[in-house]
Amino acid sequence: MQLSDISDDLESTLFTEQQIADKIAELALRIDADYAGERLLLVGVLKGAVMVMADLARALTLPIEMDWMAVSSYGSGTQSSGVVKILKDLDTDLTDRKVLIVEDIIDSGLTLSWLQANLRSRGAASVEICALLRKPAAAKVQVQVRYAGFEIANEFVIGYGLDYADKYRNLRGIGVLAPHVYKNTQ
Ligand code: PRP
């Protein structure tokens with residue numbers, strides 16, 4: 001689905017499919033260089049990370065392994081509390097593994113900061129983070145993101161894995177959701 005297919009629901013376009021592909025290729029080059037000769041495990045955080053994971057994994061020239069987690073943050077409404085529940089855990093033993101968490105977006109940072117600590121506690125050799133988007137203005141905790149894509153303003157963004165009410169994840173680009181879409185339902 002293209003951003004132009006839902007133009008009525010969009011306030012603006014943030015990144016086109018090509019801009020995203022270019023950024024993923026840039027991140028993949030760095031990851032390829034940093035982990036050359038290593039056995040890297042990519043951990044995708046469902047559901048938002050599926051597109052980044054699929055494209056990043058294919059952009060890499062390294063042989064990688066892939067695993068997935070699903071987590072949910074407890075909180076009121078859209079506010080994350082930092083208390084995280086594991087809905088689906090990894091199948092992989094992390095002992096002595098080099099792990100790269102793959103995320104679509106870091107908002108408050110609470111999910112990633114919890115997840116990084118959790119995976120480190122399992123005996124991984126290293127746990128780094130790759131996130132396509134980051135909202136510095138929304139940060140509640142500072143997370144060290146080794147591979148960061150774009151920094152964006154504190155807006156409601158959709159597409160390329162990012163949803164509103166589980167919709168819009170299949171957009172090829174990333175856009176800002178028009179307020180009339182979410183204001184009618186609140
Ligand atoms: C999003 C995103 C991160 C988290 C970031 O997931 O994929 O996991 O929120 O927010 P934080 O930095 O404030 O913790 P979401 O909970 O929307 O689930 P989804 O990936 O299934 O859409």
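Among the residues of the range 1-51, count how many are in a helix (DSSP H, G or I), closer than 30 Å to Lys183 by Cβ and acidic (Asp, Glu). Let's see the steps before the verdict.
Within the range 1-51, the first condition is being in a helix (DSSP H, G or I), and the residues that meet it are 3-9, 17-34, 50-51.
Going one step further and asking which of them are closer than 30 Å to Lys183 by Cβ, we end up with 3-9, 17, 19-20, 50-51.
Subsequent filtering for residues that are acidic (Asp, Glu) retains 5, 8-9, 17.
Number satisfying all stated conditions: 4.
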Ser76 vs (1) away from the ligand (no atom under 11 Å from the Cβ); (2) at pLDDT 95 or above; (3) among the hydroxyl-bearing types (Ser, Thr, Tyr): all pass except (2)
Do we find that Thr13 is in contact with a helix residue (DSSP H, G or I) (Cβ under 6 Å, 6 or more places away or on another chain) and loosely packed, with under 15 Cβ neighbours inside 10 Å in this structure?
no
task: Return yes or no: is Ala124 touching an Asp or Glu at 6+ places or on another chain (Cβ under 8 Å) and within 10 Å of the ligand (Cβ to nearest atom)?
output: no
Sole miss for Gly159 among (1) within 13 Å of the chain's Cα centre (by Cα); (2) within 11 Å of the ligand (Cβ to nearest atom) is condition (2)
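Look at Asp107 and say whether it is acidic (Asp, Glu) and more than 15 Å from the ligand (Cβ to nearest atom).
no
Quick one: which of Lys167, Lys140 is without any contact (Cβ under 8 Å) to a residue 12 or more places away in the chain, more than 14 Å from the chain's Cα centre (by Cα) and within 13 Å of the ligand (Cβ to nearest atom)? Let's see the steps before the verdict.
Numbers: Lys140 fails: without any contact (Cβ under 8 Å) to a residue 12 or more places away in the chain.
After applying the criteria, what remains is Lys167.
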Exactly one of Ala54, Ala33, Ala49 is free of Cβ contacts under 8 Å to residues at least 24 places away in the same chain and within 16 Å of the ligand (Cβ to nearest atom), and that residue is Ala54
Out of (1) under 17 Å from Gly48 (Cβ atoms); (2) modelled with pLDDT under 95, the one Asp104 does not meet is (2)
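The values are calculated or read from the model by the stated rules, or taken from the named source; none is laboratory data. The structure displayed is predicted, hence computed values, not measured ones. A quick note on method: Cβ atoms are made from the backbone with ideal geometry, for glycine too, and the neighbour counts reach across all protein chains shown.
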